[in-house]
Amino acid sequence: MVKDAPIGVFDSGVGGLTVLEEIQQLLPHESLLYVADCGYIPYGEKTPAFICERLHRVAAFFRERGAKALVIACNTATVAAVADLRKSYPDWPLVGMEPAVKPATAATRSGVVGVLATTGTLQSAKFAALLDRFATDVRVITQPCPGLVELIETGDLGSLALRQLLQRYVEPLLSAGCDTIILGCTHYPFLKPLLAQMLPPSITLIDTGAAVARQLKRLLGERDLLASGSPDPAAFWTSGDVYHFRNILPILWKHPGVVRSFGA
C-alpha cells in the first residue's frame, strides 16, 4: 500500500455518505471511493450470507483499484460480514460500524436509552453483545424502523410521509422516558434536522460517523499510510439506477463526484 492510494467506503445505499463526510472533514487529503449497493437495498431484510457475499465482491473491487483501507459504513453489513472479511484480508485496515451503545449509556441522565435501527441490526448477536457489555445499568428501548431507509434513498428528507413515519417510531421512545437516542443506521443522521424539530431540546442524538473517521485515521497513522497531497475528487459507483443516484447525490453530498455503474 502507498500513502496516496484511495480509501474504499461501502454502504448498502446513500447512508454511508454521512460517514464519508466525516472522513473527508477529518482526513481532507485522502482520495475516496464509494460503492452504494442500491440494487439490493434494504440490507436490513437480507440474510447475513447474502450480505457477506456482496461485501466480498465489493472488497475485491476496491482491492483492484488499490484501496489502502476499507470502511464498511453500514451497521447491518458490519454485523454480517466484517469478521469474515478480516479473516480474508488480515493485513488490510478494515473499519466497521456499530450502534453507539457505550457513549449513549454514558450520556443518558434518565437511565433510558432509545435505539432507532434496522431490523437486521437489532436482531443481531453483535447488538445483543453490545447491550450485555455496556448497557447493564440502563434501560434500552429498541425501535426497528422499516421504510425509513427507502424514503431517504429517494432523497426525501422532509416530506409529510417521512415525518409521519418518523414520528411513529420516535413516540414510543419518548413515552418510555428516553433522553438519549442512538441513530443506529448510517442513513439516519440525514434526519437530524427533522428530528431537531420533533424532539425536545433535552434529547441527545448519537451516531458513530465521527468515531469511525477517527478509527480510520488511527489505523492509517499506525501504518504510515496517511496522505498529505491533493486528493482526487470522490468517485462513486452504484448497483442501482445510476441516473437516480446522480440526481440525489447533490442533495446529500455537497462536493464534486463522478457516478458510475457497479455491475458486479
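Between LYS102 and HIS56, what is the label-point separation in nm under the 7 Å Cα-to-beta-carbon projection?
Going by the 7 Å Cα→Cβ label model, 3.0 nm.
Given the range 36-113, report the % of alpha carbon pairs whose separation exceeds 20 Å.
That fraction is 39 percent.
Name the lysines eligible as straight-distance cross-link partners of LYS68: C-alpha to C-alpha under 18 Å, and not fewer than 8 places from it in the same chain.
LYS3, LYS87, LYS217
Kindly rank 91-100, 119-128, 73-82, 29-38 from highest to lowest mean number of other beta carbons found within 10 Å of each residue.
73-82, 29-38, 91-100, 119-128
With θ set to phi - 60° and the Karplus curve 6.51 cos²θ - 1.76 cosθ + 1.60, what are the ³J(HN,Hα) couplings of the range 11-24 in order, to the nearest whole Hz, using x for Gly and Pro?
With coefficients 6.51, -1.76 and 1.60, one gets 8, 5, x, 8, x, x, 4, 5, 6, 4, 4, 4, 5, 5 Hz.
Based on the Cβ-Cβ distance of HIS244 and ASP156, what FRET efficiency does E = 1/(1 + (r/R0)^6) give at R0 = 22 Å, to the nearest 0.05?
That pair, HIS244 with ASP156, gives E of 0.95.
Per DSSP H run of at least 4 residues, take -39500 (n - 2.57); add these up for the chain, divide by its residues and hand me the 222 nm value, nearest 500 deg cm²/dmol. Please list the in-between numbers first.
Working: 11 runs with 116 residues, N = 264.
My calculation for the chain gives -13000 deg cm²/dmol from helical runs alone.
For the chain, with only Lys/Arg (+1) and Asp/Glu (-1) charged at the beta-carbon, what is the dipole magnitude about the Cα centre, in debye rounded to 20? Each step should come with its number before you reach the end.
Details: 24 positive and 24 negative charges, 56 e Å.
The dipole magnitude comes to about 280 debye.
Under a GNM of the chain (C-alpha, springs under 10 Å), which listed residue has the highest mean-square fluctuation: THR18, THR105, THR136?
Largest GNM mean-square fluctuation: THR136.
May I ask you to list the residues of the range 224-261 whose amide nitrogen lies under 11 Å from a point 7 Å from Cα along the Cα→beta-carbon direction of HIS29?
Label zone hits: 225-231.
Between Rg and the Kirkwood Rh of the range 101-206, both from Cα atoms, what is the Rg to Rh ratio?
Here Rg/Rh amounts to 0.95.
Would you mind giving the three semi-axes, in whole Å and largest first, of the ellipsoid equivalent to the range 144-225 according to its Cα gyration tensor?
After diagonalising the Cα gyration tensor, the semi-axes are 29, 17, 10 Å.
State whether the chain is rounded, prolate or oblate according to the following rule on the C-alpha gyration tensor (a ≥ b ≥ c being the square roots of its eigenvalues): a/c under 1.5 gives rounded; otherwise a/b larger than b/c gives prolate, and the remaining case gives oblate.
Prolate, because a/c is 1.5 or more and a/b exceeds b/c.
If Rh is defined by the Kirkwood formula over all Cα pairs and Rg also comes from Cα, what ratio Rg/Rh do you get for the range 164-209?
0.92
For the range 60-73, what does the Karplus curve 6.51 cos²θ - 1.76 cosθ + 1.60, with θ = phi - 60°, yield as ³J(HN,Hα) per residue in whole Hz, taken in order and with x for Gly and Pro?
So the J values, rounded to whole Hz, are 4, 4, 5, 4, 4, 9, x, 4, 8, 7, 10, 10, 8, 8.
Laboratory data are not the source of any read-out in this text; all were calculated from the coordinates shown. Note that the coordinates shown come from a computational prediction; the quantities given were computed from them, not determined experimentally. Cβ atoms come from the backbone with ideal geometry, glycine included; neighbour counts cover every protein chain shown.
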